[in-house]
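Undergrad: Okay, handing you the structure first.
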Amino acid sequence: MHSVIDIAGLTKRYAGNFALKNVDLIVPVGVTGLLGPNGSGKSTFIKAVLGLVRVDTGSGIVLGGDWPKQVKSIRDKIGYLPEDDCYILGLQGIESVQMMAKLSGLPSTEALRRAHEVLDFCDIGQERYRNVETYSTGMRQKLKFAQALVHDPQLIILDEPTTGLDPTQREEFLDRIHALAHRFEKSILLSTHILHDVQQVCDHVIILVRGQVRLSESLANMQRPTQSGLQIRVVRDAGRLAASLRRRGLMVECSGDTELRVQGESASIAKTIWAASMDESVLIERMDEARNSLEHSFLEIVSEKNYANS
Amino acid sequence: MPILDIGYRKWSGNRSPEWLRWAVVATTGISLVWRGTWLKRFLLFASFPAIVTMFGVGLFEQSTRDETYRRMFNGFLASRNEPLGPRDRMNRVRNREPIISESADIATQRHQAWSYMLLWYFRYPQALWIVVVIGLVAPRLISYDLRSHGYLLYLSRPLSPKSYVFGKACVLFFLLAMITTFPAIAVYSFGLLLSNDPGAFFQTWDIPFRILLATAVLVLPTSAVALAFSSMTQESRFAAFGWFAVWIVGWVTYLVLTGSAMFNADDALKLHQRWLLISPYHVLGHLQEEIFGVLPDGQHQVGPWILCGAVTVVGFGIARWRVARMLKV
């Protein structure tokens, strides 16, 4: 598998406590979600990749460069959107994006042209001429995104990028991530707590718990259920339909008044479901191949009881 | 809504070398501080002493041709053969004693005169302006970035904490050069232009180098201390307080400790040498006298040089350490 980050034996300690413990991690090309509870080492991992913190042990290849020896050159190929609210006091939006481009080595005029271009892409209009300290949280997130993109990096690391965005802005943001990954072949490492975002844009998921990698898997594999079946959403009376299906010998799990999951070979059980729906006069709104819920998998992986002895 | 939204586009082109990226920190810092109205006013006021110094240089050049001017000028300069400290020089001026050696030729006198005038320029008005301008600008250079986490933006690019601090220091170097180096070089050039003697340049060729060295001695330790204060807090007013406190406390303590021997020249000299290191102002003044070659014989001290170097290294070291430390999660 072609990878953008391939690091082995990464260990980082703070005052004797392991923030990362002998982490071997491969981040493939595409959009990768980096998940984990608070304090699991996500931010430390990102800062270690960027060379912002000095690691105790570990080596590898990042974007074809020898990591951590060539970390400064590697940074030129990475766009980083930090979790922290960070800006340069006194600069206008356009100036701060231009400055970031210049820091990545773009000539001054080219940096200004490019800054305007990415600010358009990030949907920042005339606000670009305002000082950044007057920006709302959502605007600052967009500005940080523009700063991360301005030098056209190969890898974009986004640390909690959708925090503070309203639902519309969030959808637009995720669309941009999708476009960058699929139309412009950017690799994206998305660190977030919002599983919906991961489900929407990621191809691959990495879960860190207590400084160790618990899971590194493609999202498709992760969501594939252990038993096949169908996920059904009805307008109402899911319980009545479930009872009817049970009488017809099917295994049914009902959640709420509108959702149920039926186990079995989809092709064979579909006819029975339609028949039961007609008999009970329950309107089916949607029927999909059953998948594991990412939330369920995440909770299972990070739960203490499963890894109490690790 | 952009007039022509072309969406995201890939970019390829030549990038500037990594080792030059600190210049972006410096130019951004300069462009930010340059927006301050008060700074521009202070820089304007700080240029006035250069005009006074130019007038003095002009007066000296006139005195080389005109006896009337020569008599007027006599009271201001000390001979290299008569080593005098600042207090002795002042006494001579008060007593209207001729303190240029009558035996010295015009070339030696010119060198002495220009050196004394430039020393006066560095030692008195510009030292004060440096304290004021650094106090106005430096406290926010790093502390603002610490408060707004701006350092993360800088350091996520090919920039080390060391080059970040160097870039910030360059903001101060630039401003201080505007207050000291450029006007002093202008004064020197003005002197060359006014001089009737075609050999004036060869008599004074070392003065520009002395100006550069005096600037370095002023700028390096002061910038280091100011940036160290700025890096230690997220509140620029605390950094400003620390900066002014160092100067005022040092100055007052020095005056108190040496003041008891005001009327006894021998004791004054001993006490001056003993307590010199307490006051940053007097340490820098001592070094400038040595650089401009007007330090009386026998008063050379290694202590101020060592102190100056140590303060520079420790100050920049603290600033670098604090910035690197902020990166810990």
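Undergrad: By the gyration tensor of its Cα atoms, with a ≥ b ≥ c the square roots of the eigenvalues, what is the shape of segment B:158-264: rounded for a/c under 1.5, prolate for a/b over b/c, or oblate?
TA: Because a/c hits 1.5 or more and a/b fails to exceed b/c, segment B:158-264 counts as oblate.
Undergrad: Could you line up A:S297, B:S236 from fewest to most neighbouring Cβ atoms inside 10 Å?
TA: So the residues, fewest neighbours to most, are A:S297, B:S236.
Undergrad: For B:I248 paired with B:F45, estimate the spin-label separation in nm (one decimal), with each label point 7 Å from Cα along the Cα-to-Cβ line.
TA: Output for this residue pair reads 1.6 nm.
Undergrad: If one puts a single equal scatterer on every Cα of segment A:189-238 and applies the Debye formula without solvent, what log₁₀ I(q)/I(0) results at q = 0.27 Å⁻¹?
TA: -1.10
Undergrad: From the Cα trace of the protein assembly as shown, what convex hull volume per residue do you get, rounded to a whole Å³?
TA: In the protein assembly as shown, the Cα convex hull volume per residue is 200 Å³.
Undergrad: Given labels modelled 7 Å from the Cα in the Cβ direction, how far is it in nm from A:V235 to A:E171?
TA: 2.4 nm
Undergrad: Just the Cα atoms of segment B:276-317: what Rg and Dmax do they give in Å?
TA: Final numbers for Rg and Dmax: 10.8, 35 Å.
Undergrad: Among rounded, prolate and oblate, which fits segment B:116-221 when a ≥ b ≥ c are the square roots of the eigenvalues of its C-alpha gyration tensor, a/c under 1.5 means rounded, and a/b larger than b/c means prolate?
TA: Prolate, because a/c is 1.5 or more and a/b exceeds b/c.
Undergrad: At R0 = 56 Å, how high is the FRET efficiency between B:S16 and A:A243 if r is their beta carbon distance? Nearest 0.05 is fine.
TA: Computed FRET efficiency for B:S16 and A:A243: 0.20.
Undergrad: Within segment A:113-260, what percent of beta bridges assigned by DSSP are antiparallel, to the nearest 5?
TA: Of all bridge pairs located within segment A:113-260, approximately 65 percent are antiparallel.
Undergrad: Shifting gears a bit: Over all distinct Cα pairs, what is the inverse of the mean 1/r for segment A:190-297, reported as the Kirkwood hydrodynamic radius in Å?
TA: The answer is 15.3 Å.
Undergrad: Once you place label points 7 Å from the Cα toward the Cβ at A:A220 and B:Q62, how far apart are they in nm?
TA: 9.2 nm
Undergrad: Only four residue types carry charge here, +1 at the Cβ of Lys and Arg and -1 at the Cβ of Asp and Glu. Report the dipole size of segment A:88-168 about the Cα centre in Debye, rounded to the nearest 20.
TA: In debye, rounded to 20, segment A:88-168 gives about 180.
Undergrad: So if each residue of separation counts as 0.36 nm, and I subtract the Cα-Cα distance between B:R9 and B:W321, what length gain in nm does that give?
TA: 108.5 nm
Undergrad: Which translational diffusion coefficient, to the nearest whole µm²/s, is obtained for segment A:118-177 from the Stokes-Einstein equation, given a Kirkwood hydrodynamic radius over C-alpha pairs, 37 °C and 0.692 mPa s?
TA: Working: Rh = 11.9 Å.
Answer, rounded: 276 µm²/s.
Undergrad: A further question follows. Can you tell me the convex hull volume per residue for segment B:140-182, based on C-alpha atoms, in Å³ to the nearest whole number?
TA: So the per-residue Cα hull volume is 68 Å³.
Undergrad: Here is a follow-up. Based on Cβ point charges of +1 for Lys and Arg and -1 for Asp and Glu, what charge dipole magnitude is obtained for the protein assembly as shown about its Cα centre, in debye rounded to the nearest 20?
TA: Using only the charged Cβ atoms, the result is roughly 680 debye.
Undergrad: Using only the C-alpha atoms of segment A:120-218, find the volume of their convex hull and express it per residue in Å³.
TA: Convex hull of Cα atoms, per residue: 118 Å³.
Undergrad: Which residues in segment A:197-222 place their backbone N less than 11 Å from a point set 7 Å from the Cα of A:N292 along the Cα-to-Cβ direction?
TA: Label zone hits: A:215-222.
Undergrad: Normalised radius of gyration for chain A, please: alpha carbon Rg relative to 2.2 N^0.38 Å, two decimal places.
TA: Taking the Cα Rg and dividing by 2.2 N^0.38 Å, one obtains 1.19.
Undergrad: All other residues with a Cβ under 11 Å from the Cβ of A:Q200 taken together, and with Lys, Arg as +1 and Asp, Glu as -1, what is their net charge?
TA: Net of charged neighbours comes to -2.
Undergrad: Of B:L43, A:M222, B:I306, which is farthest on the positive side of the dipole of the protein assembly as shown, counting Cα position, with +1 on Lys and Arg Cβ, -1 on Asp and Glu Cβ, and the Cα centre as origin?
TA: With unit charges placed on the Cβ atoms, the residue in question is B:I306.
Undergrad: Summing Lys, Arg as +1 and Asp, Glu as -1, what charge do residues with Cβ under 15 Å from the Cβ of B:V217 carry, B:V217 excluded?
TA: 0
Undergrad: Among A:F298, B:P208, A:A238, whose Cα projects farthest towards the positive end of the dipole of the protein assembly as shown, with charges put on the beta-carbon of Lys, Arg (+1) and Asp, Glu (-1)?
TA: Sorting the options by dipole projection puts first B:P208.
All of the numbers you see were taken from the coordinates with simple rules; none came from a lab. Since the structure is predicted, the reported quantities are computational estimates derived from the model, not experimental observations. Here the Cβ is made from the backbone with ideal geometry for all residues, glycine too, and neighbour counts use every protein chain on show.
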